[in-house]
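The values are calculated or read from the model by the stated rules, or taken from the named source; none is laboratory data. All figures in this text were calculated on a predicted structure; none of them were measured in a lab. With ideal geometry, Cβ positions are generated from the backbone for all residues, glycine too; neighbour counts draw on all protein chains shown. All accessible areas refer to the heavy atoms of the entire protein, side chains included, with ligands and DNA or RNA removed. Shrake-Rupley method; radii C 1.70, N 1.55, O 1.52, S 1.80 Å.
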Amino acid sequence: MYASREDIGYDFGDDSKVGSKPIKPNPNIDGGWAWMIVLSSFLVHILIMGSQMALGILNMEWLEEFNQSRGLTAWVSSLSMGITLIVGPFIGLFISMCGCRKTAIIGGILNALGWILSAYASNVHYLFLTFGVTAGVGSGMVYLPAVVMVGQYFQKRRALAQGLSTTGTGFGAFLMTALLKYLCTEFGWRNAMFIQGAISLNLCVCGALMRPLSPKDVVSEKYAVRSNSEDNQAKALSHSAETIKSNGVLSEESEKKDEATNEEVLDSVQHVEIGGKSRSGRSMYGLRILKTVSHLTVTVRKGFAIWYSSYFGAASLFTNRAFVAFIIWALFAYSSFVIPFIHLPEIVKQYNLSSQNNIFPLTSIIAIVHIFGKVILGIISDLPCISTWNVFLMANFTLVTCILTLPLMQTYVSLAVVCALIGFSSGYFSLMPVVTEDLVGTKHLANAYGIIICANGISALLGPPFAGWIYDITHKYDFSFYISGLLYMVGIIFLLIQPCIQKKQPREKTTEEAQV
């Protein structure tokens, strides 16, 4: 249905040497330290995504403290959730320059700082800056590396690994809701945010666990992937894939030239330092600073070059049509999952089902089944006879059907069944990094997935206010679900059409065919 990473050819460079000489596989790939990466990502989802889903507790405290409108106060939570995802492409730049570990540690400090500064808020607008922006950017700097590192450490069981790590969102929703409720009751919301900021410093520990793979490990990983795909070499390369591959070679040649120039700069600085041994200590100290600055400049230039070429250069990700269709889908998909969480309590109230909902809330049903959905869909997708892409599409079709039929249900049992299906089918979120990696390859996963979660962030930021605006006009929530469901269906249609278009693209003739 879609072009795999081998078909697209995103592994730039000549791997002929790798393919001709077998390399012993790294034990940390699909095992060993890889499971510590899963644990780290699991804890990140608890501390970031789980706490964001529990912000309703703090939102009630803010309403009472600042006496502002519900719409204005709700923007604090929306900004935090939206910015966490929207900054994805820019976090890709940090990953290119500093790596996942350093980016996550810096993000953990920034996230904790946002929580602590918010404890001293004097008005809602102050929270926009401290909690919405500061804590939101910090969350994004930890969230993206947590997803990318799991993709780098797993090949055979990627879907299962991503499913296990992302279940932290569901567990975090329960744990953080109970924790924040207890802290607010016992210590007040300001002290609760201060304590939560201290807890968020554990994100730095999670970042420290994100040990990067050595270049040797990456080479062995490439060989393992390539050896598994040799039986499928008869597949035709699409036109867009060929364009990306050719552009990638050109970009790598220019990158090598830049590296050679940078090495000359560093060597010249080193020669100057060696020649100046007889000089005073101050001169030597200045030369060491110059060398450090030069090395840092080289690192920044190299990281920015990779980031820029991925988005705007000759080897831009946007030349991959299937990936562009995936972005369009992401713009419409996430709001369909967020809207039920926002408006279900009001729907239950309109249908006079509050007594039953208080016993077992419908949103809790979605959260619980969502945990099992991620794990089960991950296990199914890793089966040899099952296509991850087909599982992803089936889950999307199930979710959009539930969104369109939910307004028709007017009893608690029927709503509970639909909510359970929404929770299970939305488990495809764990497959998103897997599908993204299949489209662009491991090398470009950070930048590509940054774009995808940015699109999700826009959807999460604008979806609920749009649904509320529709309610203000029609005085019904039905149209909010219908419109979001139809837009979601448009995104799914893009996913279905684009691979078919690519299959029809004429492939270049091989040497044997040309001779015949």
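Within the stretch 479-498, is even one residue at pLDDT below 75, touching a Phe, Trp or Tyr at 6+ places or on another chain (Cβ under 7 Å) and either open to solvent by 20 Å² or more (accessible area, probe 1.4 Å) or not acidic (Asp, Glu) (or both)? Show your work before the answer.
The initial filter retains those residues of the stretch 479-498 that are at pLDDT below 75, namely 498.
Those still in the list that are touching a Phe, Trp or Tyr at 6+ places or on another chain (Cβ under 7 Å) too: none.
For the stretch 479-498, residues at pLDDT below 75, touching a Phe, Trp or Tyr at 6+ places or on another chain (Cβ under 7 Å) and either open to solvent by 20 Å² or more (accessible area, probe 1.4 Å) or not acidic (Asp, Glu) (or both): absent.
Counting only residues that are open to solvent by 20 Å² or more (accessible area, probe 1.4 Å) and touching a residue at least 40 places away in the same chain (Cβ under 8 Å), which one in the stretch 392-405 is farthest from the chain's Cα centre (by Cα)?
As a first pass, look at the stretch 392-405 and keep what is open to solvent by 20 Å² or more (accessible area, probe 1.4 Å): 394, 397-398, 401, 404-405.
With touching a residue at least 40 places away in the same chain (Cβ under 8 Å) added as a condition, the list becomes 397, 404.
On the way: Phe397: 22, Leu404: 26 Å.
Only one residue tops the list, namely Leu404.
What do you reckon, is Asn390 polar (S, T, N, Q) and not in a helix (DSSP H, G or I)? Even if it seems obvious, please write down each step before you answer.
Details: polar (S, T, N, Q): yes; not in a helix (DSSP H, G or I): no.
Answer is no for this residue.
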Practice task
Select from the stretch 340-356 the residues that are open to solvent by less than 60 Å² (accessible area, probe 1.4 Å) and either touching a Ser or Thr at 6+ places or on another chain (Cβ under 9 Å) or among the aliphatic types (A, V, I, L, M) (or both) and list them in ascending order.
Solution key: Pro340, Phe341, His343, Leu344, Ile347, Val348, Tyr351, Leu353
Exercise for the section: Go through the residues of the stretch 434-442 one by one and say whether even a single one is surrounded by 24 or more Cβ atoms within 10 Å (Cβ to Cβ), touching a Cys at 6+ places or on another chain (Cβ under 9 Å) and either not basic (Lys, Arg) or not in a helix (DSSP H, G or I) (or both). Expected result: no
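Quick check on the stretch 370-391: of everything there that is open to solvent by 50 Å² or more (accessible area, probe 1.4 Å) and not aromatic (Phe, Trp, Tyr), which residue is nearest to Thr167 (Cα to Cα)? Reasoning before the result, please.
We begin by selecting, within the stretch 370-391, every residue open to solvent by 50 Å² or more (accessible area, probe 1.4 Å); these are 372, 376, 379-380, 383-386, 390.
Now drop any that are not not aromatic (Phe, Trp, Tyr), which leaves 376, 379-380, 383-386, 390.
On the way: Ile376: 11, Ile379: 13, Ile380: 16, Leu383: 20, Pro384: 23, Cys385: 25, Ile386: 22, Asn390: 21 Å.
Looking at residues that are open to solvent by 50 Å² or more (accessible area, probe 1.4 Å) and not aromatic (Phe, Trp, Tyr), I get Ile376.
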Problem - Which listed residue, of Val150, Val124, is over 16 Å from Ile91 (Cα atoms) and out of contact with any Leu (no Cβ under 7 Å at 6 or more places or on another chain) - result: Val150
Practice task
Tell me, yes or no, whether the stretch 457-468 has at least one residue that is crowded, with 24+ Cβ neighbours inside 10 Å and of a type in the set (Val, Ile, Thr).
Solution key: no
Exercise for the section: For the stretch 176-205, name all the residues that are closer than 17 Å to Ile109 by Cβ and assigned to a helix (DSSP H, G or I). Expected result: Met193, Phe194, Ile195, Gln196, Gly197, Ala198, Ile199, Ser200, Asn202, Leu203, Cys204, Val205
Exercise for the section: Determine whether the stretch 146-159 contains at least one residue that is among the small types (Gly, Ala, Ser), in a helix (DSSP H, G or I) and at pLDDT below 90. Expected result: yes
Handout entry: Hey, Phe174 without any contact (Cβ under 8 Å) to a residue 40 or more places away in the chain, of a type in the set (A, V, I, L, M, F, W, C) and open to solvent by 10 Å² or more (accessible area, probe 1.4 Å) or not
Key = no
Fill in the blank from the handout: Here the residues within the stretch 302-351 that are of a type in the set (Ser, Thr, Tyr) and at pLDDT below 65 are Tyr308, Ser309, Ser310, Tyr311, Ser316
Exercise for the section: Being surrounded by 22 or more Cβ atoms within 10 Å (Cβ to Cβ) and among the small types (Gly, Ala, Ser) is the filter; apply it to the stretch 115-150 and report the residue that is nearest to Ile380 (Cα to Cα). Expected result: Ala146
Exercise for the section: Answer yes or no: is there a residue in the stretch 419-430 that is modelled with pLDDT of 85 or more, part of a helix (DSSP H, G or I), crowded, with 22+ Cβ neighbours inside 10 Å and of a type in the set (S, T, N, Q). Expected result: yes
